[in-house]
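So the structure is just underneath, and the comments pick up after that.
The values are calculated or read from the model by the stated rules, or taken from the named source; none is laboratory data. Quick caveat: nothing in here was measured; it's all calculated off a predicted structure. Neighbour counts are summed over all protein chains in view; Cβ atoms, including those assigned to glycine, are modelled from backbone coordinates with ideal geometry. We work out accessible area using only protein heavy atoms, side chains counted, and drop any ligands, DNA or RNA first. Shrake-Rupley method; radii C 1.70, N 1.55, O 1.52, S 1.80 Å.
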Amino acid sequence: MIIQPGIAKANLGVSREDVTLEDHPLNPNPDSRWNTYFKDNEVLLQIDKDVRRLYPDMAFFQRPTDYPCLLILDPQNEFETLRRRVEQTTLKSQTVARNRSGVTNVSSPLKSTPSSLSEYEVLPNGCEAHWEVVERILFIYAKLNPGIAYVQGMNEIVGPLYYTFATDPNSEWKEHAEADTFFCFTNLMAEIRDNFIKSLDDSQCGITYKMEKVYSTLKEKDVELYLKLQEQNIKPQFFAFRWLTLLLSQEFLLPDVIRIWDSLFADDKRFDFLLLVCCAMLTLIRDQLMEGDFTLNMRLLQDYPISDVHLILKKAKELQDSK
């Protein structure tokens, strides 16, 4: 699934398959395996860019995993690691671009700004960083789900899941962190994937409807605050889009995100409870929002000031019980 076309397993005694006209790298046929490979590279480059900057304040994702994928790293095989595939795609050729006037520009990657490839120290052969495991999970998910593939933000969803499994004190469970994360991520995405599908944004299952639901819930719980935000033309898209789509994973530190997710996933109506958590976050800074102007309030909402997630969850539970 993630192997370069033309490469066969070494244990078959064949290092390369014969190149045919039907499956040549320059064959423009959309059904060509090479054509699929090159399209997959576009997805892979975006995934690579995102996972390399996953929780940059933590060293965890840069560290080597104790359980790398030995099948891929085994030098006896000719399997191409995703890291190597990205390096070849971004560094082995000049960049050729044609502008709208038809002028072709050729630039060398050596003259471009430093890429994210240099952000993390390269580990020695035979090692895999945790971010590389996350990259493989996301890429395989994209291959298995071509209807949605990969959308920016999925890395923020898979990160807390993988961290939880990969830091399990039980070494027997930790060994299977990659498989367990993939299973849980796939099941979670089955519930929230509509948030990542742009064509569904305005449908009843889309993200726009859910953002409006935050405001309708707020109107029910605190009409004065709701009217204040409406008066200042502060739309839920300005802040609730990120809150809802990423399940608050960018608003708090990772341990606090995991604590919030514990409450979300433990609730039978987990994503209704997420709406209440968002409302609780608004009501807890009610005084500042009522006194602030548009600029100040936008700053508050986009850089949420309260870090005590227990206080937020307690308030959300109060809102839930007040129905």
Which numbered condition Thr295 misses (of (1) on the phi < 0 side of the Ramachandran plot; (2) in contact with a helix residue (DSSP H, G or I) (Cβ under 8 Å, 6 or more places away or on another chain); (3) surrounded by fewer than 18 Cβ atoms within 10 Å (Cβ to Cβ)): (2)
Restricting the first residue to region 204-215 and requiring it to be without any contact (Cβ under 8 Å) to a residue 40 or more places away in the chain and aliphatic (A, V, I, L, M), which pairs with a second residue that is open to solvent by less than 80 Å² (accessible area, probe 1.4 Å) and assigned to a loop (DSSP other than H, G, I, E, B) meet a Cβ separation below 7 Å and a spacing of at least six or different chains? Ile207/Asp201
Of the residues in region 261-283, those that are at pLDDT 95 or above, closer than 17 Å to Leu319 by Cβ and either β-branched (Val, Ile, Thr) or open to solvent by 50 Å² or more (accessible area, probe 1.4 Å) (or both) come to Val277, Thr283
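Give the residues of region 185-203 that are free of Cβ contacts under 8 Å to residues at least 12 places away in the same chain and in contact with a Ser or Thr (Cβ under 6 Å, 6 or more places away or on another chain), sorted by residue number.
Filtering region 185-203 down to residues free of Cβ contacts under 8 Å to residues at least 12 places away in the same chain leaves 187, 190, 198-203.
Listed by number, the residues that qualify are Asp201, Asp202.
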Give me a count of the residues in region 64-80 that are under 15 Å from Gly126 (Cβ atoms) and of a type in the set (D, E, K, R). 2
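Whether any residue in region 243-258 is open to solvent by 80 Å² or more (accessible area, probe 1.4 Å) and among the charged types (D, E, K, R) is what I want to check.
Narrowing region 243-258 to residues open to solvent by 80 Å² or more (accessible area, probe 1.4 Å): 250, 253, 255.
From the residues that got through so far, the ones that are among the charged types (D, E, K, R) too are none.
No, region 243-258 has no match at all.
Would you say Val134 is hydrophobic (A, V, I, L, M, F, W, C), modelled with pLDDT of 70 or more and in contact with a Gly (Cβ under 9 Å, 6 or more places away or on another chain)?
Working: hydrophobic (A, V, I, L, M, F, W, C): yes; modelled with pLDDT of 70 or more: yes; in contact with a Gly (Cβ under 9 Å, 6 or more places away or on another chain): yes.
Yes, satisfied.
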Which condition does Trp173 not pass, out of (1) surrounded by fewer than 20 Cβ atoms within 10 Å (Cβ to Cβ); (2) of a type outside the set (S, T, N, Q); (3) in contact (Cβ under 8 Å) with a residue 40 or more places away in the chain, if it passes all the others? (3)
Here's a check for you: in region 230-242, which residue that is more than 11 Å from Cys278 (Cβ to Cβ) and among the charged types (D, E, K, R) is surrounded by the most Cβ atoms within 10 Å (Cβ to Cβ)? Lys235
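Would you pick out the residues in region 143-168 that are among the small types (Gly, Ala, Ser) and crowded, with 20+ Cβ neighbours inside 10 Å? Steps first, please.
Initial filter on region 143-168 (among the small types (Gly, Ala, Ser)): 147, 149, 153, 159, 166.
The answer is Ala149, Gly159, Ala166.
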